[in-house]
Amino acid sequence: MEEKEYLTKERHKALSEELEYLRKTKRKEVAEQLEYAKSLGDLSENAEYHEARDTQGVVEDRIKKLEGVLKSAVIVSPHDHDTEVVAVGSVVKVARSGDKNEKVYTIVGGEESDLSSGKVSTHSPFGEAVMGKKKNQSFTYNAPSGPITYKIIEIK
């Protein structure tokens with residue numbers, strides 16, 4: 001079974017635009033680079049040719065990845081869910097066990113995770129542990145440093 005990829009409408013649009021650019025523009029550019037490099041002669045020692053082939057591989061890999069993400073995408077809105085339970089799109093305020101400092105995280109799909117802006121993937125150990133939990137409930141997940149326990153203070 002294919003895993004769903006949860007995306008906001010904005011992220012879905014950005015990924016769709018990137019895919020369109022790669023298919024229509026970047027593929028042509030790489031094909032032109034390959035043609036030019038071939039015209040230079042001996043392919044075995046032709047750096048331009050090998051670089052263009054490498055670029056072509058990167059572009060095709062990214063196209064394949066984007067197609068997969070967009071095919072399995074589920075568009076979520078921060079207000080689509082019940083605020084009683086943590087789900088994709090939830091904004092969760094948590095406190096680490098034994099610590100008074102509270103942290104706020106937004107639970108997002110893997111393609112949108114960005115810890116520096118407080119966006120945690122549902123595929124991360126923290127994201128997997130917090131999903132489905134309720135306010136005032138505690139949960140533990142295994143971090144590289146060992147098990148960490150948090151308590152949910154608020155869900156928006």
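Read the figures in this text as sums done on the coordinates, not as results from a lab. None of these values were measured; they are calculated from a predicted model. Every residue, glycine as well, gets a Cβ built from its backbone with ideal geometry; the counts of neighbours run over all protein chains shown.
Miscellaneous remarks
- Answer label for Cα Rg over 2.2 N^0.38 Å (calculated), chosen among (1) 1.03; (2) 0.97; (3) 1.44: (3)
- Extension gain (nm, one decimal) between residue 142 and residue 4, 0.36 nm per residue minus Cα-Cα: 47.3 nm
- Residue order for 6, 21, fewest other beta carbons within 10 angstrom first, comes to 21, 6.
- Assigned charges on the beta-carbon of Lys, Arg, Asp, Glu; the chain dipole about Cα centre (debye): 900
- Checking the Cα-Cα distances for 65/156; 4/135; 119/151 against a 29 Å cut-off, the pairs over it are 65/156.
- Based on C-alpha pairs under 8 angstrom that are at least 6 apart in sequence, the chain has a relative contact order of 22 percent.
- Antiparallel DSSP beta bridges within the stretch 77-155, percent to nearest 5: 85
- Amide H to amide H, with H built 1.01 Å from N, residue 89 comes under 5 Å of 107, 108, counting only residues 5 or more places away or on other chains.
- Nearest-20 debye value, the stretch 5-75 charge dipole, Cβ charges on Lys, Arg, Asp, Glu: 520
- Expressed to the nearest 5 percent, the antiparallel share of DSSP beta bridges inside the chain is 70 percent.
- Ordering of 57-64, 126-133 by packing [mean C-beta count within 10 Å, highest first]: 126-133, 57-64
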